[in-house]
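Okay, so here's the structure we're looking at.
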Amino acid sequence: MKKITNCFFVLFTLLINAQTKVAGTYHVDSGNPDDGGYNWMLLENHTFAMVTFGQIIAGTWSIDSNNIISFTPSTPKYPFDVYGRYDADQKGTKIMFDNFDRSSKAYMGNTEQGLQPILNEDANCFSYPMVKEFNNNFNDIVLSIKLFDQVKDVFYVAENKKYNNFIIMYYASTARQRPFTARLKEGRLYFRNDDRPSSPRKDVQPQELKEMGKFVANGLSGFSKESIISNKAYNIEAYGPGERSMEEDFDEESYLTYNYNYDRPKEIYTAKYPRGASEDDAYHDLDTMYKYNRIELKPNQNSYKKIEKSIFTITCKE
């Protein structure tokens, strides 16, 4: 009789948990009427997206028997990605630094000459793109940044055998979120502040799924691609007005095949139907596109000399 009672209890518990509706949309007020708060979407396939002003977090979620939801954001493996290509017309080494700002105390260099700060201490008035040309060829690229949870510096080395034109991407701390939890109670999400729960859960509407679904898809696959495409002015994977690459059902390979002729040895895409662009708007000239391939980064604990002079000195003129 006791075993039967226990079985009924387990079955009842499972039924209660199964009836706990989690997937849906939630809104958390930030307390700032100007930023729109935090908009959450949890999908049935256990993926999620959180969208707020200037920030998107996407990843996977799970829930335990105590209605504690564990969120695991999709994050890049390392703080950097390095992409390269060979340009026969390039003398020395050319590097574009993407997404670096004054809050990122990052260093770049190579094993032969050591590392330099990428930016000066009081850097401001940034413009895009940040490009630097070096006279020498790099046999490797060494990167370093002091992270909040590091005891000492970690260096990341990209060994280079054939490229002279690079794009180095930096992923800010907002893109490197640690796992976190929330409590689900009476259809509301409770994060750190029990006195500020989310709005009650609502079913995901088709239009919301269309709008936020792309953030989920891009958030789960947006880091460390095998290759990226850019024009000469570093308009990376926009493919023209509307930034088609942000569409949920965008097929990059089909788009490139249909619209471009591909020179495989040179890894250059040339538009089949050139549209042209004004001379002062090279950023939107997509008639010629270049393929950059990701170079594997290897972290190590070696010690590299650091030079005080920064690669860029960017300061507003008064």
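The values are calculated or read from the model by the stated rules, or taken from the named source; none is laboratory data. Predicted model, so just to flag it, every value in this text is computed and none were measured. Ideal geometry is used to build each Cβ from the backbone, glycine not excepted, and the neighbour counts take in all protein chains shown. With ligands, DNA and RNA removed, areas are computed over all heavy atoms of the protein, side chains included. Shrake-Rupley method; radii C 1.70, N 1.55, O 1.52, S 1.80 Å.
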Please enumerate the residues belonging to the range 62-71 that are touching a Ser or Thr at 6+ places or on another chain (Cβ under 6 Å) and farther than 15 Å from Phe191 by Cβ. Ser62
Which count do you get for residues in the range 296-318 that are open to solvent by 100 Å² or more (accessible area, probe 1.4 Å) and modelled with pLDDT under 90? 7
Any residue at all in the range 86-100 that's farther than 17 Å from Ser303 by Cα and touching a helix residue (DSSP H, G or I) at 6+ places or on another chain (Cβ under 8 Å)? no
Would you confirm whether or not the range 209-221 contains a residue that is over 26 Å from Val82 (Cβ atoms) and modelled with pLDDT of 80 or more? yes
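So if I check each of Glu121, Glu112, Glu133, which one is under 15 Å from Ile314 (Cβ atoms) and surrounded by fewer than 15 Cβ atoms within 10 Å (Cβ to Cβ)? Show your work before the answer.
Details: Glu112 fails: under 15 Å from Ile314 (Cβ atoms); Glu133 fails: under 15 Å from Ile314 (Cβ atoms).
Testing whether each residue is under 15 Å from Ile314 (Cβ atoms) and surrounded by fewer than 15 Cβ atoms within 10 Å (Cβ to Cβ) leaves just Glu121.
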So Thr25, is it polar (S, T, N, Q) and at pLDDT below 90: no
Assess whether Ser144 counts as being open to solvent by less than 50 Å² (accessible area, probe 1.4 Å), at pLDDT 95 or above, among the hydroxyl-bearing types (Ser, Thr, Tyr) and farther than 21 Å from Ser227 by Cα. no
Over the range 256-281, the set of residues surrounded by fewer than 15 Cβ atoms within 10 Å (Cβ to Cβ) and modelled with pLDDT under 90 is Arg275, Gly276, Ser278, Glu279, Asp280, Asp281
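If you go through the range 76-103, how many residues are hydroxyl-bearing (Ser, Thr, Tyr), open to solvent by 60 Å² or more (accessible area, probe 1.4 Å) and modelled with pLDDT under 95?
Taking the range 76-103 first, the residues hydroxyl-bearing (Ser, Thr, Tyr) are 78, 83, 86, 93, 103.
Imposing the further condition that a residue be open to solvent by 60 Å² or more (accessible area, probe 1.4 Å) reduces the set to 86, 103.
Then drop every residue that is not modelled with pLDDT under 95, which leaves 103.
So the count comes out to 1.
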